[in-house]
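Structure first, commentary second.
The values are calculated or read from the model by the stated rules, or taken from the named source; none is laboratory data. Note that the structure is a prediction, hence the values are computed from the model and not measured. Using ideal geometry, Cβ is built from the backbone for each residue, glycine included, and neighbour counts are taken over all protein chains shown.
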């Protein structure tokens, strides 16, 4: 980005907290974080629930649904816009075997560091508690990211 040298870059988003006909701005970069929950449960064939009590795919699905409630039910997004997205759900290699591990991967986007910490706490709490309720365990690793 030379000739001429770039002194500033502006990104454009449509947001609902601005009145029609006005333009708002804020300095600084968008904040990103990558969330990486891993869910462990006992491997099992596709058997009745009484035989294989730990269902990693079902519990992983419940975690995805639970994470979607963070922004919609726990945060005031009119105060600080935020996004929690799960974009990867990996588990299993056969149609009739329930895997012992499911990997979820997603992103957290927010501008405010305090807000980011609050979201990270919710991600860990929701993932671990849903996993425990389903007879599994979840390990959540969250890192700062730029993608």
| remark: Scanning segment 127-147 residue by residue, the ones that are assigned to a helix (DSSP H, G or I) and touching a strand residue (DSSP E or B) at 6+ places or on another chain (Cβ under 9 Å) total 6
| residue 114 fails exactly one of the following numbered conditions: (1) surrounded by 15 or more Cβ atoms within 10 Å (Cβ to Cβ); (2) free of Cβ contacts under 8 Å to residues at least 12 places away in the same chain. What is the number of that condition? | (1)
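Could you look through segment 77-103, keep only residues that are assigned to a loop (DSSP other than H, G, I, E, B) and touching a strand residue (DSSP E or B) at 6+ places or on another chain (Cβ under 8 Å), and pick out the one that is farthest from residue 120 (Cα to Cα)? Talk me through it step by step, then tell me what you get.
So in segment 77-103, the residues assigned to a loop (DSSP other than H, G, I, E, B) come out as 77-81, 91-96, 99-100.
Keeping just the survivors that are touching a strand residue (DSSP E or B) at 6+ places or on another chain (Cβ under 8 Å) gives 80-81, 91-92, 96, 100.
Values: 80: 15, 81: 15, 91: 23, 92: 27, 96: 34, 100: 25 Å.
So, considering only residues that are assigned to a loop (DSSP other than H, G, I, E, B) and touching a strand residue (DSSP E or B) at 6+ places or on another chain (Cβ under 8 Å), the one farthest from residue 120 (Cα to Cα) is 96.
Using the structure shown, decide if residue 55 is under 12 Å from the mean Cα position of the chain (by Cα) and modelled with pLDDT under 85. Before the answer, list the steps.
Numbers: under 12 Å from the mean Cα position of the chain (by Cα): no; modelled with pLDDT under 85: yes.
Here the answer is no, as residue 55 does not meet what is asked.
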| note | Among residues of segment 62-80 being out of contact with any helix residue (DSSP H, G or I) (no Cβ under 9 Å at 6 or more places or on another chain) and touching a residue at least 24 places away in the same chain (Cβ under 8 Å), the residue surrounded by the most Cβ atoms within 10 Å (Cβ to Cβ) is 64
| message | residue 109 - would you say it is assigned to a strand (DSSP E or B), touching a residue at least 60 places away in the same chain (Cβ under 8 Å) and either more than 15 Å from the chain's Cα centre (by Cα) or more than 17 Å from residue 71 (Cα to Cα) (or both)? | response | no
| task | Name the residue, out of 29, 44, that is out of contact with any helix residue (DSSP H, G or I) (no Cβ under 6 Å at 6 or more places or on another chain), surrounded by 12 or more Cβ atoms within 10 Å (Cβ to Cβ) and at pLDDT below 65. | result | 44
